[in-house]
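Only one structure is covered here, and it is reproduced in the block below.
Just so you know, all these numbers are worked out from the coordinates, no wet-lab data involved. What you are looking at is a predicted structure, and each value in this text was computed from that prediction instead of being measured. Here the Cβ positions follow ideal geometry from the backbone for every residue, glycine too, while neighbour counts run over all protein chains shown.
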Amino acid sequence: MPETTDIFEVMSTMRAMRRLKPDPVPDELINKILQVAQWAPSGGNTQRWRFLVVKDPKIKKKVQVYYKRLYDEIVGPRYSSSAPPPGSDPSRYQRQHAAVKYLTDHYHEAPVWIVACLEDGENPDRTAGSSIYPAVQNMLLATRALGLGTTLTTRHTGYGKEVDAIFGLPSGVHSYAILPIGWPMGRFGPLGRGPLKDVVFQDQWGKPYRGL
Ligand SMILES: Cc1cc2nc3c(=O)[nH]c(=O)nc-3n(C[C@H](O)[C@H](O)[C@H](O)COP(=O)(O)O)c2cc1C
């Protein structure tokens, strides 16, 4: 699907694009994606984010080894033994699993990664991520708007210390997400989600929202 700047179309077709071509992505487009990250809100406008643009194949490969290890240890077995999520079905879930496996094996071949990092100190609390994920979401949206593919990935945090060391992060800075970016092999399209009425309540938990 071509580029689009209609925000609702962007959001409703922004599939996790896990199959990416290794063809280069111009810096001009990466710079646009970085700019929207910096436009995001952060608590107190502190802007303690830092973004690492990773193109070095050796660094990406080192990280992919941990990413694959976590697939073998946790993610693969979990996909094989879990039920499809709301809005999905067994064959769709199987295709999702195949795409997850594909990205695992080809993670390092995405031409550009943007690693979203945060100066969150030594003992980040549970609000820490709220000052980096809006920037991450902005980047996902801009990537889709430009016709590029990516997926929000956080699996590497299972070996966070090891991976942060590969990126050379100083103490008090942690990586929160890696966006592998490239031209997509597949097409953007409708998303599989459960019914909205199942997840919205009115006034108190469990009471149906009457607006739908
Ligand atoms: C917090 C978070 C972490 C994620 N981590 C990974 C990951 O490490 N690897 C991966 O392939 N997808 C990852 N995803 C992508 C989700 O699996 C994806 O958003 C979900 O399957 C919906 O995909 P869809 O938008 O194409 O329907 C992550 C998504 C979120 C929100």
- line: Amide H neighbours of residue 112 at under 5 Å, excluding residues fewer than 5 places away on the same chain, with H built from the backbone geometry, are 181
message: If you take every residue apart from residue 158 with its C-beta less than 14 Å away from the C-beta of residue 158, what net charge results, scoring Lys and Arg +1 and Asp and Glu -1?
response: +1
task: Starting from the amide H of residue 177, placed 1.01 Å from N in the peptide plane, find each other amide H under 5 Å away whose residue is 5 or more places distant or on another chain.
output: 116
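Could you calculate the contour length gain from residue 199 to residue 4, that is, 0.36 nm times the residue separation minus the distance between their Cα atoms, to one decimal place in nm?
On the way: separation 195, 0.36 × 195 = 70.20 nm, distance 2.86 nm.
Gain on stretching residue 199 to residue 4: 67.3 nm.
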- line: Under the Karplus relation with 6.51, -1.76 and 1.60 and θ = phi - 60°, whole-Hz ³J(HN,Hα) for segment 4-17, x at Gly and Pro, equal 8, 10, 6, 4, 6, 5, 4, 5, 7, 10, 7, 5, 5, 9
field: Environment charge of residue 75, counting only residues whose C-beta is closer than 11 Å and scoring Lys/Arg +1, Asp/Glu -1
entry: +3
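Subtract the Cα-Cα distance of residue 123 and residue 39 from 0.36 nm times their separation in residues, and report this length gain in nm to one decimal.
Additional length available on full extension: 27.6 nm.
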task: Under 1.5 on a/c is rounded, so check that first for segment 121-212, then, if it is not, pick prolate when a/b is larger than b/c and oblate when it is not; a ≥ b ≥ c are the square roots of the alpha carbon gyration tensor eigenvalues.
output: oblate
Gyration tensor verdict on segment 11-74 (Cα atoms; rounded if a/c is under 1.5, prolate if a/b is larger than b/c, oblate otherwise): prolate
message: What does the C-alpha gyration tensor say about the overall shape of the chain? Classify as rounded when a/c is under 1.5, otherwise prolate if a/b is larger than b/c, or oblate.
response: rounded
- line: Karplus-derived 3J(HN,Hα) from phi for segment 140-152 (6.51 cos²θ - 1.76 cosθ + 1.60, θ = phi - 60°), whole Hz, x at Gly and Pro, runs 4, 5, 5, 4, 4, 4, 7, x, 8, x, 6, 9, 6
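Over 29 Å between Cα atoms: which of 68/197; 21/62; 101/161 fall into that group?
68/197
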query: Ordered by residue, what ³J(HN,Hα) values in Hz, to whole numbers, does segment 177-189 give under the Karplus form 6.51 cos²θ - 1.76 cosθ + 1.60, where θ = phi - 60° and Gly and Pro are x?
result: 7, 10, 10, x, 10, x, 6, x, 7, x, 10, 6, x
message: Distance between the C-alpha centers of segment 37-56 and segment 120-135? Whole Å please.
response: 11 Å
message: Could you work out [θ]222 nm for the chain from helices alone, using -39500 (n - 2.57) per DSSP H run of at least four and dividing by all its residues? Round to the nearest 500 deg cm²/dmol.
response: -10500 deg cm²/dmol
field: Nitroxide proxy distance, nm - points 7 Å out along Cα→Cβ at residue 95 and residue 23
entry: 2.3 nm
